[in-house]
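Rule-based calculations on the coordinates, nothing more; no lab input. Bear in mind the structure is a predicted one, so any value in this text is a computation, not a measurement. We place every Cβ from the backbone using ideal geometry, glycine too, and count neighbours over all the protein chains shown.
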Amino acid sequence: VIVSGPGTTTTSTEYSSVTINSVAGMDVVKLDSEVTDAAAKNLILVGGPAVNSLTAEALGLSFPTYGADSGIPEGAALLKSIDNAFGGSNSALVVAGWSADDTRNAARYLQAYSSNSLSGDSMTVTGPSTATSGGEATAE
């Protein structure tokens, strides 16, 4: 997913199976600690509130928050859209799992958006996913 405004240019570079995108020459993939003003941009936050401080903030949790306190079901992941996630007018899409594998499955489900159902503000993704077919997802 690339979000860009008027007058910007985008480029893609593919390395094996990983594509790195940039907007106007700036890397769009950053660690949570590298984001200086989260409210200034629409963000896709990958990783749960135990490992990603921006995810914790967007979900209204303390960092780090683990296990059941995260609101993420055990053995599953969330795809959750949050309007005004950081007090600005922009949104965040949280891609966060109970475990790293669950987060990876949700990211794969999102990656295959053209063949998977995406609806509502929040979805729970369970089961293994691949880049061409997702696991099971339920809208909340």
Report the calculated FRET efficiency for TYR66 and SER122 (r = Cβ-Cβ distance, R0 = 22 Å), to the nearest 0.05. 0.65
Highest-first arrangement of 88-98, 31-41, where packing means the average Cβ count within 10 Å: 88-98, 31-41
Of VAL95, LEU59, ASN84, which is farthest on the positive side of the dipole of segment 42-105, counting Cα position, with +1 on Lys and Arg Cβ, -1 on Asp and Glu Cβ, and the Cα centre as origin? ASN84
HN-Hα J in Hz across segment 82-87 - Karplus 6.51, -1.76, 1.60, θ = phi - 60°, x for Gly and Pro: 10, 6, 6, 4, 10, x
Can you compute log10 of I(q)/I(0) for segment 51-115 with the Debye formula, treating each Cα as one identical point scatterer, at q = 0.17 Å⁻¹? -0.59
